[in-house]
Amino acid sequence: MNFEHEQEILKQITRRTLFKQVGFGIGGVALTSLLSQASAFGLDLSSGQGVRGLHHKPRAKNIIHLFMTGAPSQIDLLDYKPYLNQHHGEVCPPELLQGQNFAFIEKKPKLYGSPHKFAQVGSSRRWVSELLPHFKEIVDDVTVVNSMSTHHFNHAPAQLFINTGNQMNGRPSFGSWSTYGLGTENQDLPGFVVLQSGPIAPDSGKASWGCGFLPSEYQGVELRTKGEPVLFVRNPNGVTQEIRRDTLDALRALNEIQLQGSMDPEIQARIAQYELAYRMQTSVPELMDITKEPKEMHELYGTEPGKKSFANNCLLARRLVEKGVRFVQLYHTGWDSHGGGTNSSIKDGLAAQCKNTDRAAAALIKDLKQRGLLDETIVIWGGEFGRTPMSETPLDSAYPGRDHHPSAFTMWMAGGGIKAGAQIGETDELGYRVAKDPVSVHDLHATLLHLMGVDHTRLTYQYQGRDFRLTDVFGEVVKPLVA
């Protein structure tokens with residue numbers, strides 16, 4: 001008996017092989033069901049959309065997450081607190097401090113009213129800070145959620161939590177879950193793209209857009225706006241496109257041999273990623289070239305081609321969803337307003353951050369709306385937590401600041417089935433605790449998946465013997481958010 005024949009017999013009789021083959025059979029039955037379901041919603045599975053299938057008719061196809069890393073101060077931007085201003089300088093009530101964890105506040109801090117002026121704008125009469133003049137122009141297109149809360153008061157775990165639903169490394173990010181559940185419409189680009197701007201890297205690092213235990217093809221792919229858009233995708237010197245193609249064909253053949261023996265799905269992901277990288281050699285440079293955008297677009301966003309900026313990334317985000325990319329995440333760092341220096345102060349530092357981001361964020365909403373893309377694209381804005389109504393620094397400091405505050409913070413959302421011009425939730429008079437209609441991070445994830453056509457309780461992945469999901473065992477759809 002030769003070796004090949006012996007291996008074939010073993011494959012036929014081992015329990016492991018039996019279970020694998022049965023699994024493939026069940027998968028085929030499931031695929032048939034998904035195909036019929038996708039057909040009902042008019043989806044083309046040949047494009048990669050609807051790989052897992054939809055649970056109900058979607059309101060949105062794409063998500064753009066404008067992640068303001070470091071935590072913007074909601075009290076100085078979108079959660080107006082005149083009562084706090086009236087009691088500015090008073091010692092913080094002790095009941096607010098008992099049993100609470102703060103990153104840096106000690107002893108007896110004083111209440112710190114906002115140094116920035118607010119005005120009611122739009123038909124919704126929303127209170128908006130003077131630091132956001134461009135946001136005032138889109139206020140009736142968005143819903144402001146003033147009642148967000150989280151469980152973590154340090155940056156890295158809080159950033160992981162709002163991105164993955166868990167504070168520990170190793171869990172799939174929201175973008176990865178979205179592409180795992182829904183696929184992508186463009187086979188020449190990643191389904192999940194990350195763009196960065198700002199002075200530093202996110203505290204949580206690349207784990208915030210990692211795929212965790214999901215197959216690696218769902219990993220967020222970082223595109224750079226300066227230099228090579230994607231590292232190591234371009235052919236090395238002396239390697240022609242023909243040589244590259246021959247090399248990939250040989251690698252594919254070797255990987256397929258290994259796949260036949262191990263049935264490891266990660267090998268399939270590796271093959272797919274090699275092929276995607278090959279296609280990206282032509283698709284990405286064209287996509288990232290914003291010089292071809294008309295002059296009025298650059299004036300709208302405030303873009304400067306060739307530079308690393310939030311404005312450039314907002315324009316790229318529109319181009320990406322136009323091409324069918326499922327999930328686009330923009331990280332803009334530098335919002336950590338502890339005080340003690342110009343860049344970190346609630347006065348100068350916060351004003352500078354708003355100046356760098358407000359125009360482009362508003363332009364993104366306007367641009368998507370005029371192109372008819374806002375109806376199918378959700379845009380969300382916010383950080384990992386909020387800032388305290390107490391000052392971390394002495395009130396007479398030249399550079400006042402606020403500490404981390406997980407108990408209450410603000411996000412805004414627009415498009416893709418989100419109710420326009422509304423406000424969800426309220427905080428107390430000092431902006432310290434949520435007083436009405438609380439929204440947790442898990443609720444946020446459940447709602448966004450719902451708008452994408454997915455029931456968050458049914459999007460699961462088995463790992464280490466149990467079914468995992470983005471929202472763990474929590475999360476409710478926030479119905480007042482849905483139009």
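If the condition is being out of contact with any helix residue (DSSP H, G or I) (no Cβ under 9 Å at 6 or more places or on another chain) and hydrophobic (A, V, I, L, M, F, W, C), then segment 128-144 contributes VAL139, VAL144. Within the span defined as segment 118-126, one or more residues are closer than 22 Å to GLY425 by Cα, of a type in the set (Gly, Ala, Ser) and without any contact (Cβ under 8 Å) to a residue 24 or more places away in the chain.
Taking the criterion of being of a type outside the set (Val, Ile, Thr), within 10 Å of the chain's Cα centre (by Cα) and outside any helix (DSSP H, G or I), the residues of segment 161-197 that qualify are SER173, PHE192. One residue alone among SER129, SER208, SER173 is buried (at least 20 other Cβ atoms within 10 Å of the Cβ), in contact (Cβ under 8 Å) with a residue 24 or more places away in the chain, in contact with a strand residue (DSSP E or B) (Cβ under 6 Å, 6 or more places away or on another chain) and not β-branched (Val, Ile, Thr), and that residue is SER129. In this structure, does ARG319 turn out to be modelled with pLDDT of 95 or more, within 20 Å of SER208 (Cβ to Cβ) and assigned by TED's automatic domain parsing to the domain that holds THR69? Spelling it out, it is not the case that ARG319 is modelled with pLDDT of 95 or more, within 20 Å of SER208 (Cβ to Cβ) and assigned by TED's automatic domain parsing to the domain that holds THR69. Every listed requirement among (1) modelled with pLDDT of 95 or more; (2) not in a strand (DSSP E or B) is met by LYS206 save one, (1). At least 2 residues being without any contact (Cβ under 8 Å) to a residue 24 or more places away in the chain and surrounded by fewer than 23 Cβ atoms within 10 Å (Cβ to Cβ) is the threshold, and among the strands (runs of 3 or more DSSP E) wholly inside segment 414-483 those reaching it are 466-468.
So in segment 364-373, with the set limited to residues that are surrounded by fewer than 24 Cβ atoms within 10 Å (Cβ to Cβ) and not charged (D, E, K, R), which one is nearest to GLN167 (Cα to Cα)?
Taking the candidates together, the pick is LEU373.
Taking the criterion of being more than 30 Å from VAL193 (Cα to Cα) and either modelled with pLDDT under 95 or assigned to a loop (DSSP other than H, G, I, E, B) (or both), the residues of segment 50-90 that qualify are ASP79, TYR80, LYS81, HIS87, HIS88, GLY89, GLU90. Taking the criterion of being at pLDDT 70 or above and surrounded by 12 or more Cβ atoms within 10 Å (Cβ to Cβ), the residues of segment 233-253 that qualify are THR247, LEU251, ARG252. Residues in segment 325-346: is at least one modelled with pLDDT under 95, assigned by TED's automatic domain parsing to the domain that holds PHE102 and either closer than 19 Å to PRO133 by Cα or among the charged types (D, E, K, R) (or both)? No, segment 325-346 contains no residue that is modelled with pLDDT under 95, assigned by TED's automatic domain parsing to the domain that holds PHE102 and either closer than 19 Å to PRO133 by Cα or among the charged types (D, E, K, R) (or both). Being among the aliphatic types (A, V, I, L, M), closer than 30 Å to HIS116 by Cα and either surrounded by 14 or more Cβ atoms within 10 Å (Cβ to Cβ) or modelled with pLDDT under 60 (or both) is a property that LEU31 lacks. Test VAL321 against the criterion of being in a loop (DSSP other than H, G, I, E, B), crowded, with 21+ Cβ neighbours inside 10 Å and not acidic (Asp, Glu), and give yes or no. Here the answer is no, as VAL321 does not meet what is asked. Pairing each residue of segment 296-308 that is on the phi > 0 side of the Ramachandran plot and surrounded by 15 or more Cβ atoms within 10 Å (Cβ to Cβ) with any residue that is at pLDDT 95 or above and not hydrophobic (A, V, I, L, M, F, W, C), provided the two are 6+ apart or on different chains, yields C-beta distances under 7 Å for GLY302/ARG359.
Just so you know, in segment 85-123 the residues that are touching a helix residue (DSSP H, G or I) at 6+ places or on another chain (Cβ under 9 Å) and over 27 Å from ILE380 (Cα atoms) include one that is surrounded by the fewest Cβ atoms within 10 Å (Cβ to Cβ), and it is LYS108. One residue stands out in segment 344-362 among those that are within 19 Å of the chain's Cα centre (by Cα) and buried (at least 24 other Cβ atoms within 10 Å of the Cβ): the one that is farthest from LEU160 (Cα to Cα), namely ALA360. For ASP428, state whether it is assigned by TED's automatic domain parsing to the domain that holds CYS211, in contact with a strand residue (DSSP E or B) (Cβ under 8 Å, 6 or more places away or on another chain) and under 25 Å from HIS155 (Cα atoms). For ASP428, the condition - assigned by TED's automatic domain parsing to the domain that holds CYS211, in contact with a strand residue (DSSP E or B) (Cβ under 8 Å, 6 or more places away or on another chain) and under 25 Å from HIS155 (Cα atoms) - is met. Checked across segment 380-394, the condition of being crowded, with 23+ Cβ neighbours inside 10 Å, touching a strand residue (DSSP E or B) at 6+ places or on another chain (Cβ under 9 Å), hydrophobic (A, V, I, L, M, F, W, C) and closer than 20 Å to LYS136 by Cβ holds for at least one residue.
The values are calculated or read from the model by the stated rules, or taken from the named source; none is laboratory data. Note that this is a predicted model, so its numbers are computed, not measured. Cβ coordinates were reconstructed from backbone atoms using ideal geometry, including for glycine residues, and neighbour counts include every protein chain displayed.
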